[in-house]
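The structure appears right after this line, and notes come after that.
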Amino acid sequence: MSKTQELEEKRGIVWKARKRWAIGLPWTFTTYALSQDRLFIKSGFLSVSEDEVRLYRIKDLSLKRGVISRIFGLGTIKVCSADASLGDFELKNIKDSEMVKEKLSTLIEAERDRKRVSMREFVGHGGHDDYDFDAFDHDVD
């Protein structure tokens, strides 16, 4: 067993994929891996970097699938994260992206329940106010 396989087994990896080109070929040096409690992003060939985010820190997921991506069975998952070092990021050109998004969402909720973490929505998150205060009638009589 290789060191990579040993590390994946130790981490409890439940899904692993490589970022693909727009036409579906996995000829890139970016891999994504998902365990029960973390999401890993490893990139690079000569100089390799690895980032991870704890699942309970993920606030929102969205899926983008253009025409070409759908033809090749790909999609990009946008992840909004409360992680200070990684912030918001994308899992680009993922095969079976709808299934991966659902699996990720399920694991996020399970990890939040396990850690007893609740995400609260704030006015002004991301620089956008959720409320239009000018729309209220301000009678001062």
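Quick one: is Ser97 in contact (Cβ under 8 Å) with a residue 12 or more places away in the chain and under 14 Å from the mean Cα position of the chain (by Cα)?
Spelling it out, Ser97 is indeed in contact (Cβ under 8 Å) with a residue 12 or more places away in the chain and under 14 Å from the mean Cα position of the chain (by Cα).
What is the one condition in (1) at pLDDT below 95; (2) at negative phi that Gly24 does not satisfy?
Single failed check for Gly24: (2).
Got at least one residue in segment 46-59 being crowded, with 18+ Cβ neighbours inside 10 Å, at pLDDT 95 or above and under 19 Å from Arg18 (Cβ atoms)?
Looking for residues that are crowded, with 18+ Cβ neighbours inside 10 Å, at pLDDT 95 or above and under 19 Å from Arg18 (Cβ atoms), one finds at least one in segment 46-59, hence yes.
Inside segment 73-96, can you point out the residues that are loosely packed, with under 14 Cβ neighbours inside 10 Å and among the hydrophobic types (A, V, I, L, M, F, W, C)?
Passing the criteria: only Ala84.
Do any strands (runs of 3 or more DSSP E) entirely within segment 7-78 hold 3 or more residues that are of a type outside the set (Lys, Arg) and either free of Cβ contacts under 8 Å to residues at least 60 places away in the same chain or in contact with a Gly (Cβ under 9 Å, 6 or more places away or on another chain) (or both), and if so, which? Spell out how you get there, then give the answer.
Values: elements: 15-18, 30-34, 38-43, 49-54, 58-64.
Hits in segment 7-78: 30-34, 38-43, 49-54, 58-64.
The values are calculated or read from the model by the stated rules, or taken from the named source; none is laboratory data. The structure presented is a predicted model; accordingly, all values stated were derived computationally and were not measured. Neighbour counts are summed over all protein chains in view; Cβ atoms, including those assigned to glycine, are modelled from backbone coordinates with ideal geometry.
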